[in-house]
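The values are calculated or read from the model by the stated rules, or taken from the named source; none is laboratory data. None of the values given here were measured: they were computed from a predicted structure. Virtual Cβ from ideal backbone geometry, glycine too; neighbours counted across all protein chains shown.
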Amino acid sequence: METVFTILFQVIIMFVLAGVGYLMFKYKKISSEGSKSIGNILIYLSLPCVILNSFLVERTPEKIDALKYSIVFGFLALAVSVIVARIMFKKNPIENFAASFSNPGFFGVPLVLAAFNEEAVFYMAPFIAFINLGQWTYGVSLLEGDKSNKTDVKDILKRLIKAPFMVGIIVGLFFFFTGLAMPEIPGKCINFIANLNTPLAMFTIGIYLAQTDMAKMFVKPRLYLVSFARMIVTPLIMMAIISLLPNDMYVLKMTILIVSACPVGSNVAVYAELHDADYPYAVETVVISTLSSIVTIPLLVGLASMIWN
């Protein structure tokens, strides 16, 4: 149960940080432009550094096997999410997108770091890669509808290779498989930048919250249905699947469960704005699911701890 209390404590801290972001925006200390700048720091600096840091571990046969498992089960986790979303929300592109893609980079990473260590983030890298690839392809096709056939696959692949998170993975894999040590000064800098991930990500959630009409948002039943699909149905299915793994892979199993149980990814709002979809509703799916996660994630982790221990 120690893991459960650690997760709960970390979730509370994250919501306090979100409250700071909320107040900063409400009192006009952070503008909408400033919010976009924070997003750029997250995407282009802190998240790639978090991922890169996770690969700076000793290469062992056990680690290589764990990486293989994380690739397989990371893909399965995304596939389950997409199937559940497709069944429950096939007529609504925003709800479908929101239920399909969680927020492992900005929400899952801090939880995994708190519950375990930087090496556990190593298991999240394939899932983060699959999530971003899925958003740029399947997610965009949902929002574009009939226009999706205009998407240039080669362009998507080029952008994927150049994406910051992919750079972090590629560089990280280089150091992991070559066994080379990161020089001390760059290593320290990468670590400092990686530590920005949690506060900045939660500030962003708070800023989203500050831009919503909470009185209207809390009485929309569909938002709770999206959260139910994203944070209850999908992780319960994944819990059953990853229970097939041996008990000595507890950290890997719990990491995959946490990323499966994360709230709606904030990119649903970003992509909705880019593709002229329902941006305000997309923001509401992020906010409601994030608020709900203070209950759902500790409960799921607690249930898994009882089953797997």
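Per-structure values
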| read-out | value |
| --- | --- |
| Ile13 vs. criteria modelled with pLDDT under 90 and under 30 Å from Met239 (Cβ atoms) | no |
| Matching residues in the stretch 29-88 - criterion: being assigned to a helix (DSSP H, G or I) and either in contact with a Cys (Cβ under 8 Å, 6 or more places away or on another chain) or charged (D, E, K, R) (or both) | Glu33, Lys36, Glu62, Lys63, Asp65, Lys68, Arg86 |
| Residue in the stretch 227-244 that is assigned to a helix (DSSP H, G or I), touching a residue at least 24 places away in the same chain (Cβ under 8 Å), surrounded by fewer than 18 Cβ atoms within 10 Å (Cβ to Cβ) and charged (D, E, K, R) present | no |
| Count - residues of the stretch 272-309 that are crowded, with 23+ Cβ neighbours inside 10 Å and not in a helix (DSSP H, G or I) | 0 |
| Residue check, Val171 at pLDDT 90 or above, among the hydrophobic types (A, V, I, L, M, F, W, C) and touching a helix residue (DSSP H, G or I) at 6+ places or on another chain (Cβ under 8 Å) | yes |
| Filtered residues of the stretch 1-38 (kept if surrounded by 13 or more Cβ atoms within 10 Å (Cβ to Cβ) and of a type in the set (Phe, Trp, Tyr)) | Phe5, Phe9, Phe15, Tyr22, Phe25 |
| Any hit, the stretch 270-277, residues being touching a residue at least 60 places away in the same chain (Cβ under 8 Å), hydrophobic (A, V, I, L, M, F, W, C) and in contact with an Asp or Glu (Cβ under 7 Å, 6 or more places away or on another chain) | yes |
